[in-house]
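The values are calculated or read from the model by the stated rules, or taken from the named source; none is laboratory data. Keep in mind that this is a model prediction, so the values were computed, not measured. Cβ: placed from backbone, ideal geometry, glycine included. Neighbour counts: every protein chain shown. Remember, those area values only see protein heavy atoms, side chains included, never the ligands or the DNA or RNA. Shrake-Rupley method; radii C 1.70, N 1.55, O 1.52, S 1.80 Å.
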Amino acid sequence: MRVTVKYRLVFLVLMVLSFVIGVQWTPETLASDTDKRVLYFISALYFVLLPLSYWYCIIKKGAQKLWKLIVIFSLSSLVARLSFPAEIAHYFEFIAWLRYPIIAVLLVIELYLIVSVVRGLLKVRKLKGDPRVGAVETYREGDDKSLTIALIMASEATNWFYSIPWFSRNHPPVITNINLKSAARWHVLLLITGCIVASCSSYLLLVSWSEWVAIIVSSIIGYTLMSIVANHRLSRYYSLYLMRDNLVINNSLWGFMVVNMADIASVEPQGSSELNKDEPGTILIGCGRGNVTVTLNRPVVYHGGMGQLPEPMTVIHLSVDAPQQLINALNDVKLSQAA
């Protein structure tokens with residue numbers, strides 16, 4: 001596991017613990033000095049410890065943008081509005097007022113989602129590869145924000161493209177397969193079972209409070225079934241292939257790289273020495289030990305978090321089924337380009 005992923009998990013655990021402790025320990029009233037001290041402590045957790053942890057674990061260690069701090073401040077404010085005593089919670093009333101523009105934005109997003117699904121279905125009929133590759137080709141030398149938005153826009157079409165075999169019938173042939181757990185049948189069956197259980201459970205838990213909310217939440221959870229199927233088919237059949245002048249590397253649906261062949265300095269088998277996965281600019285994709293090392297002329301972005309957590313890489317270690325086949329294919333392409 002890479003250092004950046006470890007730090008993300010550390011922050012996630014810290015955030016969950018902080019909110020659980022905060023909600024459980026928050027006094028209902030400020031009747032005594034002890035209640036006030038407890039509330040000061042919880043406030044420090046929400047608005048000091050968590051933002052500092054987010055800055056260190058996500059922004060500094062993960063090389064993300066500073067503006068993303070607003071995410072954790074907004075989340076802490078929302079929890080404070082819902083759990084703090086009434087005499088303090090009203091200071092976070094602005095969060096409650098935000099629900100009206102948020103609802104309006106959500107309605108717009110819902111309408112846009114319907115339109116994007118229809119447009120995505122029309123587009124993927126004739127596509128010959130991952131829609132995200134086109135987004136990276138268009139914006140890789142431009143603004144990072146434009147690329148982020150483009151990847152978000154392409155994600156819906158990507159899910160449909162890989163979840164339905166007929167849409168991906170014209171996909172470029174795979175060179176070899178990366179050894180990924182998400183390619184296993186047991187993995188996809190486990191995720192599908194978990195998704196169905198989560199969808200049914202959310203409905204049963206929420207229906208007594210609001211039937212509409214229960215239907216919406218369970219439907220959103222159930223909709224992820226398409227992503228689960230797309231993730232499995234992408235990992236099993238299309239994890240490593242050439243598209244135009246690019247080597248496309250898919251670390252399941254979660255992360256991917258689009259490496260221009262001109263940016264590849266060398267492709268060679270991985271030796272017996274231990275890999276240093278924590279070295280900056282180095283990534284291991286695939287389960288077990290890497291057996292192919294791709295060295296780059298310049299940093300190329302690894303788009304983690306389904307494209308929302310970019311990290312520049314200069315060395316890629318791959319664990320593939322047929323390492324020599326990959327080495328020969330890439331060297332042949334480089335020789336043909338040099339000729």
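Not counting ligands, DNA or RNA, and with a 1.4 Å probe, what is Met306's accessible surface area in Å² rounded to the nearest 10?
80 Å²
If R₀ is 41 angstrom, what is the calculated FRET efficiency for the pair Asp245 and Ile152, using the beta carbon separation as r and rounding to 0.05?
0.95
Can you give me the long-range amide H partners of Phe167? Hydrogens built in the peptide plane at 1.01 Å from N, cutoff under 5 Å, separation of 5 or more residues or another chain.
none
With labels modelled as points extended 7 Å from the Cα through the Cβ direction, what inter-label distance (nm, one decimal) is found for Leu82 paired with Lys61?
In this crude label model, Leu82 to Lys61 measures out at 2.7 nm.
Rounded if a/c is under 1.5, else prolate if a/b is larger than b/c, else oblate: which is the range 220-339, with a ≥ b ≥ c the root eigenvalues of its Cα gyration tensor?
Numbers: a/c = 1.68, a/b = 1.49, b/c = 1.13.
Taking the square roots of the gyration eigenvalues as a ≥ b ≥ c, the range 220-339 is prolate.
Using the Cα centre as the reference, give the magnitude of the dipole from point charges on the C-beta atoms of the range 156-292 (Lys, Arg: +1; Asp, Glu: -1; all else neutral), rounded to the nearest 20 debye.
It comes to approximately 480 debye.
Quick one: if you stick a label point 7 Å off each Cα along the C-beta vector at Phe73 and Cys200, how many nm between them?
4.4 nm
Share of the range 4-43's accessible area from carbon and sulfur, percent, 1.4 Å? Walk me through the intermediate numbers first.
On the way: 1800 of 2640 Å².
Carbon-and-sulfur percentage of accessible area, whole number: 68.
How large is the dipole of the range 1-58 about the Cα centre if only Lys and Arg carry +1 and Asp and Glu carry -1, each at its Cβ, rounded to the nearest 20 debye? Present the calculation step by step, with values, prior to reporting the outcome.
Numbers: 5 positive and 3 negative charges, 85 e Å.
Here the size comes out at about 400 debye.
Efficiency by 1/(1 + (r/R0)^6): what FRET value for Ala322 and Asn170, r their Cβ-Cβ distance, R0 = 30 Å, to the nearest 0.05?
That gives a FRET efficiency of 0.80.
Per 0.36 nm of contour for each residue apart, how much would the distance between Val20 and Arg289 grow if the chain were fully extended, relative to their Cα-Cα spacing?
This chain segment gains 93.1 nm when fully extended.
Determine the share of the range 179-243's accessible area contributed by carbon and sulfur atoms, expressed in whole percent, with a 1.4 angstrom probe.
Answer for the range 179-243: carbon and sulfur cover 75 percent of the accessible area.
Please list the non-local residues whose amide H lies under 5 Å from the amide H of Val301, H modeled 1.01 Å from N, same-chain partners needing a gap of 5 or more.
Met313
Using each residue's phi in the range 293-310, evaluate 6.51 cos²θ - 1.76 cosθ + 1.60 at θ = phi - 60° and report the 3J(HN,Hα) Karplus result to the nearest Hz, with x for Gly and Pro.
3J(HN,Hα) across the range 293-310, in whole Hz: 10, 10, 9, 10, 6, 8, x, 10, 6, 8, 8, x, x, 6, x, 9, 10, x.
Go ahead and run the numbers for FRET between Leu52 and Met261, Cβ-Cβ distance against an R0 of 45 Å, rounding to 0.05.
0.60
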